[in-house]
Amino acid sequence: MELKTKRVPTNINREVRSIEARNSTYSFQNVNIGEEAELLRLKEQALMGWEKEQRTLKWFGLEDGMKVLEVGSGPGFVTEKLIDNLPHSEITALDIDDTLLKMAKQMLSHVPESRLKFSQASVYDTNLPDNYYDFAIARLIFLHLHNPLQAAIEIRRVLKPGGKLVIIDIDDGIFGAIQPELDVLPSILKKLSQLQASRGGNRNIGRSLPRILTHSGFTDVDMDAIVQHSDLHGIEGFKRQLDINRFTGFHKNGVITQYEYDEINKSYENFVKSPDAHAMMIFFMACGTKPS
């Protein structure tokens, strides 16, 4: 079967993205730290733990030669890794944001269309064919979705019988550890989780991934955790994840108090300057199989 995706007019692209924005809490264009810094953060976030994520993806059944769907592919950093590590696979990179897709297309312009296809569409309605893909990866997108169950059902539709979906995501309740400790960080993360929930997202979604997969019709559900540690992956990536500028907008909007903002600022400066600083973050990977 040949994969065909529709070419959508620009004015409709804007309308679709606007609709999707109401069904997701993430917008690249509206991040607090600015687009350039956010792009660097996304790159560090994608590459820090890739070797471990790849190892677990293979353990869950990812093999070269499969048709692979990457959901929420963004600027293409993980896409590039998939292309490099699956030389005989056909990859489809799906994202709703035309700006991020343009970045990915530019970065990966050397890859032939026979190996890499881009699709601008909603995860809730992908416009992709039934029973086409062997494997789907949804990395750090489900925490932003207003209706993760609907998204999982749509991904299940496009998988072949026996195909697998792996969701990679976070849970702020099991965030990780930072040394020197950022004492005020737990209370700030709690407020950000509450804000995300009020907007329709879920920063504690990690604990719910097996249930989402089961309720959307997947079987043989399994789960694992990936640990990223600064002593193993370098500390610069963690500094970008904890960049104080990421909290500035929340302070201006009254989500966090002046005291909390000042304290997180001081703690971040101590973390950056400390020769003994180290950090650990935990990502969760859950896998389900579409019944045959």
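The values are calculated or read from the model by the stated rules, or taken from the named source; none is laboratory data. All of these numbers come straight from a predicted model, not from anything done at the bench. As a convention, Cβ positions derive from the backbone with ideal geometry for all residues, glycine included, and neighbour counts pool all protein chains shown.
Tabulated results
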{"read-out": "Residues within the stretch 173-206 that are within 18 Å of residue 139 (Cα to Cα) and in a helix (DSSP H, G or I), tallied", "value": "4"}
{"read-out": "Search result, residues across the stretch 100-117 that are crowded, with 16+ Cβ neighbours inside 10 Å and assigned to a loop (DSSP other than H, G, I, E, B)", "value": "108, 111"}
{"read-out": "The listed residue being at pLDDT below 95 and surrounded by fewer than 18 Cβ atoms within 10 Å (Cβ to Cβ), out of 178, 174", "value": "174"}
{"read-out": "Filter result (crowded, with 16+ Cβ neighbours inside 10 Å, closer than 24 Å to residue 292 by Cα, touching a residue at least 60 places away in the same chain (Cβ under 8 Å) and not hydrophobic (A, V, I, L, M, F, W, C)) within the stretch 118-134", "value": "124, 132, 133, 134"}
{"read-out": "Flag if residue 217 is among the small types (Gly, Ala, Ser) and more than 19 Å from the chain's Cα centre (by Cα)", "value": "yes"}
{"read-out": "Selection status of residue 94, of a type in the set (A, V, I, L, M, F, W, C), over 13 Å from the mean Cα position of the chain (by Cα) and either assigned to a loop (DSSP other than H, G, I, E, B) or at pLDDT 95 or above (or both)", "value": "no"}
{"read-out": "Residues that are in a strand (DSSP E or B) and out of contact with any Lys or Arg (no Cβ under 7 Å at 6 or more places or on another chain), drawn from the stretch 118-135", "value": "119, 120, 122, 125"}
{"read-out": "Complete set of residues in the stretch 179-200 that are under 15 Å from residue 250 (Cα atoms) and of a type in the set (S, T, N, Q)", "value": "187, 193, 194, 196, 198"}
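Yes/no per residue for (1) in contact with a Phe, Trp or Tyr (Cβ under 8 Å, 6 or more places away or on another chain); (2) surrounded by fewer than 16 Cβ atoms within 10 Å (Cβ to Cβ); (3) not in a loop (DSSP other than H, G, I, E, B):
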{"position": "225", "(1), (2), (3)": "yes, yes, yes"}
{"position": "232", "(1), (2), (3)": "no, yes, yes"}
{"position": "237", "(1), (2), (3)": "no, no, yes"}
{"position": "249", "(1), (2), (3)": "no, yes, yes"}
{"position": "260", "(1), (2), (3)": "no, no, yes"}
{"position": "275", "(1), (2), (3)": "no, yes, no"}
{"position": "280", "(1), (2), (3)": "no, no, yes"}
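Residue by residue, here is whether (1) outside any strand (DSSP E or B); (2) at pLDDT below 90 holds:
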| residue | (1), (2) |
| --- | --- |
| 29 | yes, yes |
| 32 | yes, yes |
| 36 | yes, yes |
| 42 | yes, yes |
| 51 | yes, no |
| 56 | yes, no |
| 64 | yes, no |
| 69 | no, no |
